[in-house]
Structure formats: structure tokens, C-alpha cells
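The values are calculated or read from the model by the stated rules, or taken from the named source; none is laboratory data. This is a predicted model, so every value here is computed, not measured. Note that each Cβ is placed from the backbone with ideal geometry, even for glycine, and that neighbours are counted across all protein chains shown. Please note that ligands, DNA and RNA were not included when accessible areas were found on the heavy atoms of the full protein model with its side chains. Shrake-Rupley method; radii C 1.70, N 1.55, O 1.52, S 1.80 Å.
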Amino acid sequence: MGVMEELRPLLLSIAYRMLGTFGDAEDVVQEAYLRLHREPEVTSPKAFLTTVTTRLAIDQLRSARRQREEYFGPWLPEPAVDEYVDLADRAALSDSLSTAFLVVLERLTPDQRAVFLLGDVFGYSYDDLAGILGKTPANCRQLAVRARRRIADNRPRFDPSPRERDELVRRFVAAAEDGELEALVAVLTPDATFTGDGGGKGGFPRPVHGAGNVARMLIGVFGKFRQLSTEAVHVGGQPALRIHDRSNRTVAVWSFTIAEGRITAIHGIVNPEKLTHLQPSGHPDDQG
């Protein structure tokens with residue numbers, strides 16, 4: 001494998017975490033490679049590609065923000081299902097691919113998001129960030145402080161035990177499939193929320209709040225779509241369900257946020273445009 005291909009997972013990791021969509025991340029990285037080929041005097045391909053990828057992602061995110069304001073219902077990032085895509089450079093970074101974490105990052109400006117991700121997630125120094133973003137180290141430090149302050153109260157806190165998290169989701173599925181309202185409420189926190197992204201093609205136009213309301217809605221969904229099957233997967237190391245039909249076509253991905261032994265939030269993506277990378281026609285590794 002050449003140096004260029006060795007850098008590709010890193011570049012896709014940065015671009016996806018910035019943009020929340022695989023297609024846009026691929027486009028940004030491809031454009032960065034094209035620009036590298038037009039610059040034969042580059043001495044550090046990694047530094048050049050990281051800089052161009054980040055700056056292109058910032059520009060793309062600014063444009064996408066305007067589009068997302070007109071999006072029908074809640075906008076959620078495309079799910080980076082661990083079993084189907086590989087964007088985590090090492091296990092310690094996987095939480096930054098969780099849907100809940102990426103939703104929180106939407107609160108940041110594009111520059112804040114870039115500084116926070118490159119600094120706090122990927123470990124770049126302020127001097128490195130200054131070169132990448134074309135700012136001073138002091139500017140980057142200020143952006144990082146503002147970013148951390150902005151997400152401090154909303155950053156998801158995950159239960160540390162993967163086995164217990166997975167077992168809780170198993171109990172969740174069993175209760176929902178059997179229509180056991182009390183059992184379902186018992187695995188949810190009182191203020192649990194379900195946020196669905198259908199993009200006007202299904203799902204729910206606004207979040208559902210409260211354990212009782214969420215449980216009743218979920219029992220209705222499971223009762224209505226009994227021909228569908230669920231597969232336990234993970235998104236950013238956190239438990240999730242891939243919901244698919246008899247032809248193994250993905251129709252939804254639900255990501256769970258679990259804290260203190262109960263489910264606090266479910267992010268459900270049913271917009272088919274956000275699930276194309278999980279369909280059986282594509283190879284699991286095509287996106288990462």
C-alpha cells in the first residue's frame with residue numbers, strides 16, 4: 001500500500017466527523033488528492049492533505065448548514081455502523097463516531113468543530129492547528145475553549161460496560177417486539193427521547209419525549225412492521241440496531257445512548273439517502 005492510500009483512512013475519518021455524511025467526505029478527500037497531484041513540490045503529503053481536507057470540509061459544512069436549516073424534520077448524521085464501515089483509527093476514537101456525539105458537534109461553528117476534532121480527538125497541537133486553519137495558535141486555543149464550553153453540558157456520557165449496554169438493548173428489543181409496555185418503560189430513563197430522521201420520506205417530523213410516549217410509539221412501530229428484522233450492531237462503539245427487510249435491505253438504523261443502566265436517547269435514521277452505504281449491493285469496506 002502506498003503512502004497515499006495509507007493516509008486515506010485518516011482523511012476520511014476527519015472529513016466524515018466534520019460533515020456527518022459519507023458522500024461529502026469522499027468528495028472532499030478526492031478533491032484533496034486532486035490538488036496534491038497539481039502541486040508537485042509538496043514535501044509533506046500528510047500535512048498538505050490534512051490541511052486541504054480540513055479546509056474543504058469547513059467550506060462544505062458552511063454550505064451544508066444552510067441546507068440543513070431547510071431539511072424536513074430533525075437532521076442526523078449518516079450512521080457509521082462499526083460492522084460495515086471502518087473510520088475509527090483506534091478504539092479510543094470510536095466514541096467520536098457515535099451519533100449522539102456527532103449531533104452535539106452540530107452546535108459548533110465549522111472552525112470550532114475543526115479545532116475541537118483535530119485537537120481533542122486526533123491530538124494535533126495548537127501550532128499544527130494554526131498551520132492547518134491559517135490562524136494563530138492563540139486563535140486556535142480560543143476556538144477550542146469556546147468549543148469545549150459549548151458542548152460541555154451536552155456531551156453524551158456512555159456506560160463503560162459494552163456487555164451491559166448490549167444486554168440492555170436486547171431487553172429493549174424483546175419488550176418492544178412483545179408489546180410489553182412496562183418492561184419497555186423500565187429500560188428507558190423518564191426523560192428519554194426518540195429523534196427520527198426521515199427527511200420527509202418517513203419517520204417522525206419531531207422528537208418524541210418521555211419514557212411512556214417513547215415506549216408507546218416504539219411498540220406501535222414494532223407491531224406495524226413485523227416483517228422487518230433487527231440486527232444488533234454498533235455505531236461509534238455504542239449499541240445500535242440495523243433494521244432490515246427480507247432481502248437484507250437496510251431500512252433504518254437506531255443508535256442508543258445509554259447511561260447509568262438505562263437508555264437516555266435513541267436516534268433513528270430512516271431516510272433512504274442516508275443508508276445507501278449499508279445496503280447489500282455495496283461492500284462493507286467501500287466507505288472506509
Would you point out which residue out of Pro156, Pro160 is part of a loop (DSSP other than H, G, I, E, B), under 20 Å from Asp95 (Cα atoms) and free of Cβ contacts under 8 Å to residues at least 12 places away in the same chain?
-> Pro160
State yes or no: is Val145 open to solvent by 20 Å² or more (accessible area, probe 1.4 Å), assigned to a helix (DSSP H, G or I), without any contact (Cβ under 8 Å) to a residue 24 or more places away in the chain and over 30 Å from Glu273 (Cα atoms)?
-> yes
Filter result for Leu228 (among the aliphatic types (A, V, I, L, M), modelled with pLDDT under 95 and within 25 Å of Glu182 (Cα to Cα)) | yes
Only one residue in Arg170, Arg165 is open to solvent by 90 Å² or more (accessible area, probe 1.4 Å) and either assigned to a helix (DSSP H, G or I) or in contact with a His (Cβ under 8 Å, 6 or more places away or on another chain) (or both). Which one?
-> Arg170
Has segment 269-283 got any residue that is within 22 Å of Ser94 (Cα to Cα), among the hydrophobic types (A, V, I, L, M, F, W, C), assigned to a helix (DSSP H, G or I) and modelled with pLDDT under 95?
-> yes
Quick one: in segment 109-126, of everything that is modelled with pLDDT under 95 and part of a loop (DSSP other than H, G, I, E, B), which residue is least open to solvent (accessible area, probe 1.4 Å)?
-> Phe122
If only one of Ser98, Ser125, Ser94 is of a type in the set (Gly, Ala, Ser) and touching a Phe, Trp or Tyr at 6+ places or on another chain (Cβ under 9 Å), which one is it?
-> Ser98
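This table checks each residue for (1) open to solvent by less than 70 Å² (accessible area, probe 1.4 Å); (2) among the β-branched types (Val, Ile, Thr); (3) in a loop (DSSP other than H, G, I, E, B); (4) modelled with pLDDT of 90 or more.
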| residue | (1), (2), (3), (4) |
| --- | --- |
| Glu31 | yes, no, no, yes |
| Arg35 | no, no, no, yes |
| Glu39 | no, no, yes, no |
| Thr51 | yes, yes, no, yes |
| Ala57 | yes, no, no, yes |
| Trp75 | yes, no, yes, yes |
